[in-house]
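For reference, the structure is listed below as structure tokens.
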Amino acid sequence: MFLLHEKGGKEHQVPVHHRLVEYLGEYMDATGLWRTPKAPMFQALDITRRRLKGTRMSRQIVFQMVRRRARAAGLPSTINFHSFRATGITNYLSNGGSLEDARAIAAHESSQTTRLYDRTGDQITLDEIERIRF
């Protein structure tokens with residue numbers, strides 16, 4: 001399970017895909033974060049010392065990273081955090097997931113809100129999304 005801290009001080013637990021568990025394990029090994037379990041997982045970087053600062057990475061820095069990688073992949077500059085949410089929900093529904101389960105995963109109060117993120121009718125394919133390189 002992954003504990004997410006959301007807007008308004010809400011916390012939301014979600015199951016984690018097995019591939020993400022592998023990637024996060026490698027990241028935690030490389031950064032040494034296993035030794036500091038209370039520290040933020042994604043931390044700001046001290047560029048001069050080339051090490052993590054121990055403080056949470058800002059939303060602005062994350063957004064800049066996403067934009068750089070999207071631009072490098074030839075994706076529109078309009079990509080944002082909601083693009084990831086829409087991609088995840090659409091992918092889940094396209095692979096047979098139910099709207100009600102997608103609502104629970106996204107922590108939406110209403111299925112109507114989840115439906116706003118459903119892009120199954122759009123022509124963008126998973127192959128397009130796979131052009132993003134991390």
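Just so it is clear, none of the values below were taken in a lab; they were calculated from the coordinates. Not measured: the values here are computed from a predicted model. Methodologically, a virtual Cβ is constructed for each residue, glycine included, from the backbone with ideal geometry; neighbour enumeration extends over all protein chains shown.
Tabulated data for the structure shown
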read-out	value
Ranking of 108, 18, 12 by count of other Cβ atoms within 10 Å, fewest first	18, 12, 108
Relative contact order (%) - region 58-134, alpha-carbon pairs under 8 angstrom, separation at least six	31 percent
The chain: relative contact order in percent, alpha carbon pairs under 8 Å with at least 6 residues between	14 percent
Qualifying GluC sites (Glu not before Pro) for region 1-101 [loop in DSSP, other Cβ within 10 Å: at most 16]	6
Among (i) 1.05; (ii) 1.00; (iii) 0.98, the entry that matches Rg/Rh (Cα atoms, Kirkwood Rh) as calculated here	(iii)
Using alpha-carbon coordinates, inclination of helix 59-72 to the longest axis of the chain, degrees	70 degrees
Qualifying trypsin sites (Lys or Arg not before Pro) in region 59-134, DSSP loop, other Cβ atoms within 10 Å at most 10	133
Centre separation in Å (Cα based) which lies between region 58-134 and region 1-56	21 Å
Expected 222 nm ellipticity per residue - DSSP helices of 4 or more, -39500 (n - 2.57), all of the chain, to 500	-13000 deg cm²/dmol
Contact order relative to length of region 1-57, as percent, for alpha carbon pairs under 8 angstrom and 6 or more apart	19 percent
Test item: Cα-centred dipole of the chain, Lys/Arg +1 and Asp/Glu -1 on Cβ, debye	880 debye
